[in-house]
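The values are calculated or read from the model by the stated rules, or taken from the named source; none is laboratory data. The structure displayed is predicted, hence computed values, not measured ones. Cβ sites come from the backbone with ideal geometry, for glycine too, and all protein chains shown count toward neighbours. Surface areas here come from the heavy atoms of the whole protein model, side chains and all, with no ligands, DNA or RNA. Shrake-Rupley method; radii C 1.70, N 1.55, O 1.52, S 1.80 Å.
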Amino acid sequence: MFDKELLKYFSNLETPFYYYDMSLFRKSLKTLKQAAKKYNYNVHYALKANANNRILETIKEYGFGADCVSGNEVQKAIEMNFSPEKIVFAGVGKSDAEINYAIDHSIFGFNSESIEEIEIINEWAIKKDKIVPVSLRINPDIDAITHDYLTTGLNENKFGIPLPFLDKVIEKTNHLTHIKLIGLHFHIGSQITTLEPYIQLCKRVNDIQDNLLKKHGIELKHINLGGGLGINYEKPDTELIPNYSRFFETIHKHLNVQKNQEIHFELGRSVVGQMGSLISRVLYIKKGIKKQFAILDAGMTDLIRPALYGSHHKIENISKQESIMKMVKYDVVGPVCETSDSFDNNVELPKTERKDLVAIRSTGAYGEIMVSQYNLRNKPMAVYSDELLKKNSHIDILI
Ligand SMILES: *Cc1c(COP(=O)(O)O)cnc(C)c1O
């Protein structure tokens, strides 16, 4: 991923920065588009994974919709020209201002998680004399087999309408004059690396639909299965593009789709994860009593996932060639005044020196978007592979 020319370019840049491989990104988007098209599935990109302008522009080019979890995300999607009829708005608690904004812009629909919220949406809809489309987010009580903080579909989680309440919520919603119930929504978690939870989800959806049809005679036009498809953090190069076709094929095989029903997904991490790397310089190699620390100029303010979820990213010293060097173990840490400001322990790297460049891989999702300015640190900039090619050719011409 990082050839000599690229390294030469990097060597003139201030660190840390996010590097986005736009050609990998485009390949991945194309693969996703083709895989979804096979079954006529609708894909909404989850803005919360990365909402940077270049990335959103590129995603929009491929015709995907947008999945938003805040009013500002809805606004961003609209500003970036995603068509409102492809924008869905989820979230466990939407404020009145957010509800208003979304109604005013006639988005595709709300994914709502409580009758309490649906009643408020209805009140606003009455005032605006609009009929508002709503899908019910259901908590299907399925274990996504992922990090505790990344599972959302268990009874103990705050998300979704508990299954036993579903009948009651549907009954109440049907009495609301300005709400149109259009579908069911699910999102069971994130970084899901086996397809088993999705098979469970399909079975659960089938049961729910059988029940709804039998009991209420209700047919819903839309089923939204959310996002959550995981990526390979340990060995990114073996799976730079997620296996979307296997994912959709599994859903297709296990989900009973009703006549004229449309199926939706909200993918975030899998769409943008592998195309991003956080590039940082080594400030110091510090000897500890039992350890050696590689202290980077990037910290938890630039990439919080390791501190927040204990997640592991592949770390590479891209200034040194692995095959010809002696390997040494380092605790790779940031400069922020927190013990949790550590990227990983006992990382084997070629013998590393001050000013070496390090790549923290698979950081396109939940990286730049979660940047903070704690310790009043600067925000890392973003560097796009296609822009730097342009710049290089420009330089060539000048020379
Ligand atoms: C976070 C989120 C997603 C995207 O999840 P990924 O794991 O990034 O694919 C989709 N839908 C909802 C409702 C979410 O909250």
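Using packing as a proxy for protection, rank 361-374, 42-55, 87-100 so that the peptide with the highest average count of other Cβ atoms within 10 Å comes first.
Peptide ranking by packing, descending: 42-55, 361-374, 87-100.
Hey, with R₀ at 30 Å, roughly what FRET efficiency would Lys4 and Ile369 work out to, going by the Cβ-Cβ distance, to 0.05?
The pair Lys4/Ile369 has a calculated efficiency of 0.45.
Could you work out how much longer the chain between Asn72 and Arg54 gets when fully extended? Use 0.36 nm per residue separation minus the Cα distance between them, nm to one decimal.
4.7 nm
Taking the chain as a Gaussian network, where each spring joins two C-alpha atoms under 10 Å apart, which residue of Asp167, Asp297, Asp67 fluctuates the most?
Comparing Asp167, Asp297, Asp67 in a Gaussian network model of the chain, the most mobile one is Asp167.
For an R0 of 22 angstrom, estimate the FRET efficiency from the Cβ-Cβ distance between Asn206 and Gln34 and round to the nearest 0.05.
0.25
Can you give the FRET efficiency for Asn378 and Lys286, using 1/(1 + (r/R0)^6), R0 = 22 Å, r = Cβ-Cβ distance, to the nearest 0.05?
0.50
What's log10 of I(q)/I(0) for the stretch 151-299 at q = 0.18 Å⁻¹, Debye sum over Cα points only, no solvent?
Those come out to -1.13, one per q.
Treating the beta-carbon of each Lys and Arg as +1 and of each Asp and Glu as -1, no other charges, what is the dipole magnitude of the chain about its Cα centre, to the nearest 20 debye?
The dipole of the chain has a size of about 860 debye.
At Asn260 and Glu348, where each label point lies 7 Å from the Cα along Cα→Cβ, what is the point-to-point distance in nanometres?
Taking the two extended label points, one gets 6.0 nm.
Using a probe of 1.4 angstrom, how much of the accessible area of the stretch 23-267 is carbon and sulfur, in percent?
Its accessible area is 48 percent carbon and sulfur atoms.
Residues of the chain: accessible area per residue at 1.4 Å, in Å²?
47 Å²
As I understand it, the dipole of the stretch 59-137 uses +1 on the Cβ of Lys and Arg and -1 on the Cβ of Asp and Glu, about the Cα centre. Which of Asn122, Gly65, Asn100 lies farthest toward its positive end?
Gly65
Based on the Cα gyration tensor of the chain, what are the three equivalent ellipsoid semi-axes, each the root of five times an eigenvalue, rounded to whole Å and given largest first?
Working through the eigenvalues yields semi-axes of 42, 22, 20 Å.
Please give the length that would be gained between Glu61 and Ser245 if that part of the chain were fully extended, namely 0.36 nm times their separation in residues minus their C-alpha to C-alpha distance (nm, one decimal).
The span from Glu61 to Ser245 would gain 64.2 nm if fully extended.
At 10 °C and 1.306 mPa s, grab the translational diffusion coefficient of the stretch 1-96 from Stokes-Einstein with a Kirkwood Rh over Cα pairs, rounded to a whole number in µm² per second.
104 µm²/s
Are there any GluC sites (Glu not before Pro) in the stretch 238-284 that are in a DSSP loop and have at most 15 other Cβ atoms within 10 Å? List them by number.
Qualifying residues, ordered by number: Glu239.
Using Cα positions and a limit of under 28 Å, work out the lysines in reach of Lys253, with same-chain residues fewer than 8 apart set aside.
Output for Lys253: Lys27, Lys30, Lys33, Lys37, Lys38, Lys86, Lys203, Lys214, Lys215, Lys221.
With just the Cα atoms of the stretch 266-387, tell me how far they stretch along each of the three principal axes, in Å, largest first.
So the extents along the principal axes, rounded to whole Å, are 45, 33, 25.
Report the full-extension gain for the segment His252 to Lys329: residue separation times 0.36 nm, less the Cα-Cα distance, to one decimal in nm.
23.2 nm
In whole Å, largest first, what are the principal axis extents of the Cα atoms in the stretch 76-121?
31, 16, 14
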